Every structure is written in structure tokens, then in C-alpha cells.
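The values are calculated or read from the model by the stated rules, or taken from the named source; none is laboratory data. This structure is a prediction, so every number in the text was calculated from the model and none was measured. A quick note on method: Cβ atoms are made from the backbone with ideal geometry, for glycine too, and the neighbour counts reach across all protein chains shown.
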Amino acid sequence: MNEELELAATTPEVAHDELLRENARLRGDLLTMARRISHDLRTPLGGILTTAEMVKEVLAETNAASAALVAPIFDSADGLARLIERVSFVLKASLHPDAKTKVKMGEIVFSVRQRLERIILKKNVAISEPASWPEVDGVYFWLEVVWWNLLANALQHGKGPVELGWQAGKAELRFWVCDRGDGVPAEKHEQLFQPFHTLHEANAAQGLGLAIVQRLVALQGGRCGYEPRMEGGACFYFTLPAQEKHPI
């Protein structure tokens, strides 16, 4: 009986140790995957680009017009390089999260708008935002990636003006990007933040942008989602925990 009691007492500790070892193993596997994706896949990609350049030069010598036939190879290689970079970035961020600091959200929004200015001017899209933005606890670069993906998504798929905004709640701050486009069909709402969900569609994007947003927001203690607008359009939002108020 004493042996059974002793075994029962140690079982939770053994299970805890096993979970820790399994967690360490999985983290090691993810780190290995991140390194292989970042390094091992770039090597054959470089070979493809080098070969494409050679083919382009040979074609240009015989028929300049034929050289344009290799353009899809360069476009596909560029898309693959960006996909590799995104997957590697998310894996590394998950394994080694950056420490949160005090971040001025207004500075991030301004930086993202500057980076997307050429597209904004080309599409002639009016963008509205509040007069002021709050200070948050977060990772500056991650939040910049979140805003860039959401705003770029609205510029690519939306129509008409784009609204940026935020609202303070008791436990969290809510931020959003809304457009006046066609919105997202109801049957696709659950797939929006799933990676690679559009790979089966011809000429579709890789579907990683919103998945990256979801992961980076979750790593900062927030959540994200989608809501259709009553007047038409899409509204993507994310939240962050409200800053803790320390006694003076």
C-alpha cells in the first residue's frame, strides 16, 4: 500500500518532467526547421535563379523577345523567397519571443503608412485615423508587421476609403483596419487566419499574412479576428492587453 501511495504521489511530478522534456524536444525541432527553411531552401533557390539568368542570356542572344519567357521563373522565385522569409520569421519569433516594451502606436502606424505610400497614392485611397493613438506594451517590430499586413490587405482587397482606429476596454485595447470592399464570404470566415488556406486556388496568395498577424498578436497576449461591416466591407481587428496601472 505504501508503495502505491508513493507512486501516486510522484506520478504528477513525473508527468510534469515528461511534458518539459517533450516541450524542449518540440522547440528543438522547430528551431531545426527554422534553420533548414532559412538556409537549406535558399541554396537550391539560388541555383534556380542562376540557371534562369543563364537561360535569359542565351535566349537574348538569339531572340530578344524570347528572353521575356523566363520572367515567370523570376517572379516565382521571388514569391518563394518571400514565403521562406515569412515562415522562418514566424518560427523564430515563436521560439525566441522578444521582450515587450512601451511602444507608441502612433509611430508604428505612421511608419507603415510611409512604407505603403506608393500603393496608397497609386490606388488613390483615402485613409482616416484618430487624432491620437495610445501607448501600449508590445514588441515594436512585431506590431509594425501586424499593421503592415492588415493595411496592405485592405489596400489589395478593399475598395474606397480605409478606416484605422482603436478603442480602450477594461482589460484590453482594440485596434482595427476597415474597408468598403466586398467583404469575406461567411463560409470563409473560419479559414482567414489559417496558414496556406488559399494554396489550392489558382493565382492565389500564399495565405500567410493573416496567419502571421494571428501568431504575433497571440505572442503579445492579444487576439485577432474579422467582422463584416453592416454597410458593406471588411473589418479586421486585433487586441492587446491594457497596460497595468502601477500605484504611485
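Observations on the structure shown:
- Residue match in the stretch 161-179 (condition: in the same structural domain as VAL213 (by TED's automatic domain parsing), farther than 23 Å from ALA99 by Cβ, in contact with a His (Cβ under 9 Å, 6 or more places away or on another chain) and not aliphatic (A, V, I, L, M)): yes
- Test: residue in the stretch 202-213 that is in contact with a helix residue (DSSP H, G or I) (Cβ under 6 Å, 6 or more places away or on another chain), outside any helix (DSSP H, G or I), modelled with pLDDT of 65 or more and over 17 Å from GLU144 (Cβ atoms): no
- Checking every residue in the stretch 235-247 against the condition of being closer than 23 Å to PRO130 by Cβ, modelled with pLDDT of 80 or more, touching a Gly at 6+ places or on another chain (Cβ under 8 Å) and β-branched (Val, Ile, Thr) gives at least one match.
- Subset of the stretch 138-177 that is more than 20 Å from LEU219 (Cβ to Cβ) and among the basic types (Lys, Arg) - its residue that is surrounded by the most Cβ atoms within 10 Å (Cβ to Cβ): LYS159
Matching residues to (1) more than 18 Å from the chain's Cα centre (by Cα); (2) part of a helix (DSSP H, G or I); (3) of a type in the set (Asp, Glu):
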{"position": "VAL103", "(1), (2), (3)": "yes, no, no"}
{"position": "GLU107", "(1), (2), (3)": "yes, yes, yes"}
{"position": "PRO130", "(1), (2), (3)": "yes, no, no"}
{"position": "ASP137", "(1), (2), (3)": "yes, no, yes"}
{"position": "GLU144", "(1), (2), (3)": "no, yes, yes"}
{"position": "ALA154", "(1), (2), (3)": "no, yes, no"}
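- Residue check, ALA131 small (Gly, Ala, Ser) and in contact (Cβ under 8 Å) with a residue 12 or more places away in the chain: no
- Pairs where the first residue, in the stretch 50-72, is surrounded by fewer than 15 Cβ atoms within 10 Å (Cβ to Cβ) and the second is of a type in the set (Phe, Trp, Tyr), C-beta under 9 Å, 6+ apart: GLU53/PHE74
- VAL87 surrounded by 16 or more Cβ atoms within 10 Å (Cβ to Cβ), modelled with pLDDT under 70 and outside any loop (DSSP other than H, G, I, E, B): yes
- Breaking point among (1) modelled with pLDDT of 90 or more; (2) farther than 22 Å from ALA242 by Cβ; (3) of a type outside the set (Val, Ile, Thr), for PRO195: (1)
- Flag if LYS104 is among the basic types (Lys, Arg), at pLDDT 95 or above and in contact with a strand residue (DSSP E or B) (Cβ under 6 Å, 6 or more places away or on another chain): yes
- Odd one out for ASN153 among (1) modelled with pLDDT under 90; (2) more than 15 Å from ARG113 (Cβ to Cβ): (2)
- Sub-6 Å Cβ pairs linking a first residue in the stretch 220-235 that is part of a loop (DSSP other than H, G, I, E, B) to a second residue that is surrounded by 14 or more Cβ atoms within 10 Å (Cβ to Cβ) and small (Gly, Ala, Ser), at least 6 apart or interchain, are GLN220/GLY138; GLY233/GLY181; GLY233/GLY183, ordered by first then second residue.
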